[in-house]
Structure formats: structure tokens, C-alpha cells
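**Student:** I have a structure here, written as C-alpha cells, and I will follow up with some questions on it.
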Amino acid sequence: DDGSNAVVSSVEYFGHDCVVTAALPGALDAPATTVTCRLLAGEHLEPGTSITISVSGPAMAYPVEQLPAAVAGPVAAAQPAVAGR
């Protein structure tokens, strides 16, 4: 799998590391899914940037409690590979 397309919503920098919030488009009648990713030193991202998100190695995921289970799906928060386009 080559990852999932998303759009950067916000970026918070903590020295060289950052936390990126991005929106993955919804499927069918489902709303967009928001993912939060912690990135170690690397690429500088701006809100509105189109990216591809993939996870390599161990990751933690937290359930989305406000949506029905059929709509929520998994949400990953880890050290994913994020590539700007």
C-alpha cells in the first residue's frame, strides 16, 4: 500500500519535531477522518499541503468514540512517513 492521501490542517512545531493534524477524505456518506501525527525532524509542512500518510513500524491507534463503529474506522497516531506533494 502506498498510503492514504490527506490535507494538512495544522502544524505545531516543538523545536525540530512537529505535530501535524491532517484530514483524510471521507468515503461514501462518512465524514473526513482527522489524524494527528508526530514527526521527528524533517520536512517543513504548511496547512493546505496535500500529503500521503503511511505507517511503517509500530503505531498506536485510538478509537473515535463520537462516530458509529461502521463509520469511524482506525485512526493512527505514530511516527508515520508523511510526504508532501
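**Student:** Testing the spin-label approximation: label points 7 Å from Cα along Cα→Cβ at Val19 and Ser50. State their distance in nm.
**Tutor:** 2.8
**Student:** Short version: ³J(HN,Hα) in whole Hz for each residue of segment 5-18, in order, from phi by Karplus 6.51 cos²θ - 1.76 cosθ + 1.60 (θ = phi - 60°), x for Gly and Pro, what are they?
**Tutor:** Along segment 5-18, the couplings run 6, 8, 10, 5, 8, 7, 9, 10, 9, 10, x, 7, 7, 8 Hz.
Computed from the coordinates by the stated procedures, all read-outs in this text should not be read as laboratory data. It should be emphasised that the depicted structure is a prediction, and the values quoted were computed from it without experimental measurement. Every residue, glycine among them, receives a Cβ derived from its backbone with ideal geometry; neighbour counts consider all protein chains shown.
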